[in-house]
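A short worksheet on the structure shown next.
The values are calculated or read from the model by the stated rules, or taken from the named source; none is laboratory data. Since this is a predicted model, take the numbers as computed values, not measurements. All Cβ positions, even for glycine, are placed from backbone atoms using ideal geometry, and neighbour counts span all protein chains on display. To get the accessible areas, we keep the full protein, side chains included, count just its heavy atoms, and leave off ligands, DNA and RNA. Shrake-Rupley method; radii C 1.70, N 1.55, O 1.52, S 1.80 Å.
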Amino acid sequence: MAGIGQGPGPDAVFAAKLAEGVFEIQKCGSCGTHVFHPRVICPACGSADLKWVALTGRGTVYARTVVRRKPERGGDYNVVLVDLEEGVRMMSRIDGIAHDQIVAGLKVTASIGEGAEGDPAVIFRPEGEAN
Amino acid sequence: MSLRGKAAIVGAALAGCGEAHGKSSMEITIEGVHGALADAGIALGEVDAVATCQPLDMLSGLTLAQELGLNPRFTMNNRMGGSSFLSHTLWAAMLLELRLADTVLICYGSNQRTASGKLMTALGLPTYEAPYRPLFPLSSYALAADRHMTQFGTTREQLADVAVAARAWAQKNPDAFMRDPLTREDVIASRPVSDPLRVRDCCLVTDGGGAIVMRRAETAKDHPKPPVYLLGGGEGTTHRDISEMEDLTVTGAAQSGRTAMGMAGVKPADIDVVQLYDAFTINVILFLEDLGFCNKGEGGPFVANGGIAPGGHLPVNTNGGGLSCVHPGMYGIFTLIEAVRQLRGDAGDRQIDGAELALAHGNGGVLSSQVTNILGTEATL
Ligand SMILES: [Zn+2]
């Protein structure tokens, strides 16, 4: 179990879990706040008692942008901020829907896909859509 | 102890704005320093504290001291992005008031247009954003604009009107980089980059620099130009990365403005002229709301239809701003220099009659750092 002074830091732990197909975030054992991105101490109360916990994977789009790019350079792609049910926000991408149909309030579900460099990254799909 | 009116800007100058072919960023900076010292009637050797923040040189304060041949008592290089310079003025006022320094120089310069043609930055994407390839810093502001539109019904036309107002001011400023006519339709038809923002929602990429010199108020009148007094200042830092910003519609300007106006003992309605860091059109709407010039969510209607253009209800970014006048990567110092021009009554065709009280506001990062300065003439002391 990672903690202050023991083992790898929270960024490395998160990345290692993701590489194994596990999306977990931290939860503070002292005040109960969920924490993302991974941190050494809880930004709500300062406690170092942060434990990795599983998530429902459900979230809601908070804001979205579509980066416009010529087709020959790979075409348009979306970038979103998603609020997870646990109360944390993360940047991500929504797959399985036309960019113009992504709006704030859209219900989405997390899965592990590929980031820009082909590295594992948390992405989302509209709720109820099969992966 | 309050810093209200304890220090003043006694010299200011621009340098290399637009295109400064064949010049390095530090050379542009030093040209600005030379101009500001001449404007103040101060010899270089009198400078005993310096402040700068340059995008690529992590030790830019040291480079500055070296190039000036100075051994300063204080070298400030605090880096918060484009807001840094409005923080430097607060530190300058503290050093002056405590008599730890007598003459403080604050400066900036960049050759980003002629050197690279785009924003030059040493910053990479944050770890938890990089997998999704947001454009830095544009997509962060696009997300804020999208959220503002969702939450308050702010329109594409209202965003456009910020750029149109900036251009109208620029047309009154012979030093502005872009002075061609610009309509709301032009902005909305310009190339989309990161929805909802388009090219004409984005600040320019120019070269340019500038410098100011600050002294204690008690000697501020011993110089050729009327002093411009620092009446108040405040900061707000809410995040580093846009994904960590709690509410994309509320910036740290709420805190920085409240602090600065509290120190100055003024309210938004007292301010004669406003200079805001307009990296993107949405910034102006957010800052006008957060600084209290209108209610939250009403920034769109406030800026619409010439509200902040010449002849509107509040003069904002009278030089043309980062959108139409100059934007060499970090714009903060230009808000100060334009405020000085206005308060000296030295702003030519764009002069606001009877301007006594100015607000200058800097933004750093991706709406991350907000710093507000309240500046006034002798009459406001
Ligand atoms: Zn906690």
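If you find the alpha carbon centre of region B:216-253 and of region A:1-36, how far apart are they in angstrom?
A separation of 37 Å, based on Cα centres.
Would you kindly calculate the translational diffusion coefficient of region A:58-126, applying Stokes-Einstein with the Kirkwood radius from alpha carbon pairs, for 4 °C and a viscosity of 1.567 mPa s, and quote it in µm² s⁻¹ without decimals?
106 µm²/s
Give me D for the protein assembly as shown in µm² s⁻¹, whole number, from Stokes-Einstein with Rh from the Kirkwood sum over alpha-carbon pairs, 10 °C and 1.306 mPa s.
67 µm²/s
Within 10 Å of each Cβ of B:159-167, how many other protein chain Cβ atoms are there on average?
Per residue, the number of nearby Cβ atoms from other chains is 0 on average.
Give me the net charge for the shell around A:Ala15: Cβ to Cβ below 12 angstrom, other residues only, Lys and Arg +1, Asp and Glu -1.
Once positives and negatives cancel, what remains is -3.
Longest segment of chain B with no trypsin sites (Lys or Arg not before Pro) in a DSSP loop having at most 10 other Cβ atoms within 10 Å?
Result for the longest clean stretch: B:119-381.
Straight-line reach from B:Lys221: which lysines fall under 25 Å, measuring Cα to Cα and dropping same-chain residues less than 8 apart?
B:Lys6
Please compute the average number of Cβ atoms from other chains found within 10 Å of each residue's Cβ in peptide B:142-149.
5
To the nearest 500 deg cm²/dmol, what mean residue ellipticity at 222 nm is calculated for chain B from DSSP H runs of n ≥ 4 alone, each contributing -39,500 (n - 2.57), summed and divided by the residues?
-9500 deg cm²/dmol
Can you give the relative contact order of region A:10-53 as a percent, counting alpha carbon pairs under 8 Å and 6+ residues apart?
36 percent
Using the alpha-carbon centroid of each, what span in Å lies between region B:1-56 and region B:286-346?
So the two Cα centres are separated by 22 Å.
Going by the alpha-carbon gyration tensor, a ≥ b ≥ c the square roots of its eigenvalues, is region A:10-53 rounded (a/c under 1.5) or, if a/c is not under 1.5, prolate (a/b greater than b/c) versus oblate?
It is prolate, given that a/c is not under 1.5 and a/b is the larger ratio.
If the convex hull of the alpha-carbon atoms of chain B is projected onto planes in all directions, what is the mean projected area in square nanometres?
16.6 nm²
Ratio of alpha-carbon Rg to the 2.2 N^0.38 Å globular estimate for region B:127-172, to two decimals, please.
1.51
Using DSSP to define loop residues, name the GluC sites (Glu not before Pro) in region B:202-266 whose beta-carbon has at most 15 other beta-carbon atoms within 10 Å.
Counting only loop positions with at most 15 other Cβ atoms within 10 Å, the GluC sites (Glu not before Pro) in region B:202-266 are B:Glu246.
Please list, or write none, the lysines whose alpha carbon is within less than 20 Å of the alpha carbon of B:Lys118, excluding same-chain residues fewer than 8 places away.
A:Lys70, B:Lys23
Go ahead and set up a Gaussian network model of chain A, Cα springs under 10 Å, then flag whichever of A:Ser92, A:Ser47, A:Ser111 fluctuates most.
Evaluated over chain A, the most mobile residue of the options is A:Ser47.
On a 1.4 Å probe surface of the protein chains, which of B:Met26, B:Met263 comes out largest in accessible area, and what is the full order?
My answer, sorted largest first, is B:Met263, B:Met26.
Compute the angle between helix B:156-170 and the longest alpha-carbon principal axis of chain B, please, reported from 0 to 90 degrees and rounded to the nearest 10.
In chain B, helix B:156-170 runs at an angle near 30 degrees to the longest axis.
Shielding of A:56-66 by partners, i.e. mean partner chain Cβ atoms within 10 Å per residue?
Across A:56-66, the average partner-chain Cβ count within 10 Å equals 5.
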